[in-house]
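Working notes, structure below.
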Amino acid sequence: MSPPSPNQDVFDVRKIRRLVELMKEHDLSEIDIREGETRIQLRRGPEGQVMVHAPQAAHTVAHIAPSATVETAAKADESHIATIKCPTVGTFYTASSPDSPPFVKVGDHVGPETTVCIVEAMKVFNQIPAEISGKILSVLVENGQPVEFGQPLYKVDTRG
């Protein structure tokens, strides 16, 4: 894993998912990977829950589970951080067509009725509303990636 650039999120969801798959496949309880300043540590906890630790300048911890959340360990109170989760199984799309701009991007302000993406399920394209107000902090899924029910799609700062 290469060190993240300043504009890149510490978490590459595909890489982390692959590591989790390898842990399950080989019945591993812990993985600790380091490259330069980047360190990712995965531990399987109770009920198959996997914890991801990737200390950087701001220490970040993510729990990968059906009801996944992302928390920053450096901050004690992050009650203002919310996650927009996928309401269905399908394929995630950031725009209505390949030539269209994305519905939202990092830094955009959204309201409850703002469409943030489309999830295609069985040739039906479902527009997904934010259902909360705030500022998009990160996009947790790549365009065209399969998504599952309850999977986190976006992190949102509900303060504004």
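Checking Val119, Val139 one by one, the residue that is of a type in the set (A, V, I, L, M, F, W, C), out of contact with any Lys or Arg (no Cβ under 7 Å at 6 or more places or on another chain) and farther than 11 Å from Ile84 by Cβ is Val119 and no other. For segment 30-39, the tally of residues that are surrounded by 15 or more Cβ atoms within 10 Å (Cβ to Cβ) and modelled with pLDDT of 75 or more stands at 1. Being touching a residue at least 12 places away in the same chain (Cβ under 8 Å) and not in a loop (DSSP other than H, G, I, E, B) is the requirement here; does Ile132 meet it? Criteria not met by Ile132.
Matching residues to (1) in a strand (DSSP E or B); (2) modelled with pLDDT of 50 or more; (3) not basic (Lys, Arg):
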position: Arg14; (1), (2), (3): no, yes, no
position: Lys24; (1), (2), (3): no, yes, no
position: Leu28; (1), (2), (3): no, yes, yes
position: Gln41; (1), (2), (3): yes, yes, yes
position: Ile84; (1), (2), (3): yes, yes, yes
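Looking at segment 148-160 only, could you name the residues that are modelled with pLDDT of 90 or more and of a type in the set (Val, Ile, Thr)? Residue satisfying the conditions is Val156 alone.
For every residue, the table says whether it meets (1) touching a helix residue (DSSP H, G or I) at 6+ places or on another chain (Cβ under 6 Å); (2) surrounded by 20 or more Cβ atoms within 10 Å (Cβ to Cβ); (3) modelled with pLDDT under 90.
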residue	(1), (2), (3)
Val104	no, yes, no
Val116	no, yes, no
Ala121	no, no, yes
Ser133	no, no, no
Val141	no, yes, no
Pro146	no, no, no
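Of the residues making up segment 135-147, just one is among the polar types (S, T, N, Q) and part of a strand (DSSP E or B), namely Ser138.
The values are calculated or read from the model by the stated rules, or taken from the named source; none is laboratory data. Remember, it's a predicted structure, so these values are computed and weren't measured experimentally. Every residue, glycine among them, receives a Cβ derived from its backbone with ideal geometry; neighbour counts consider all protein chains shown.
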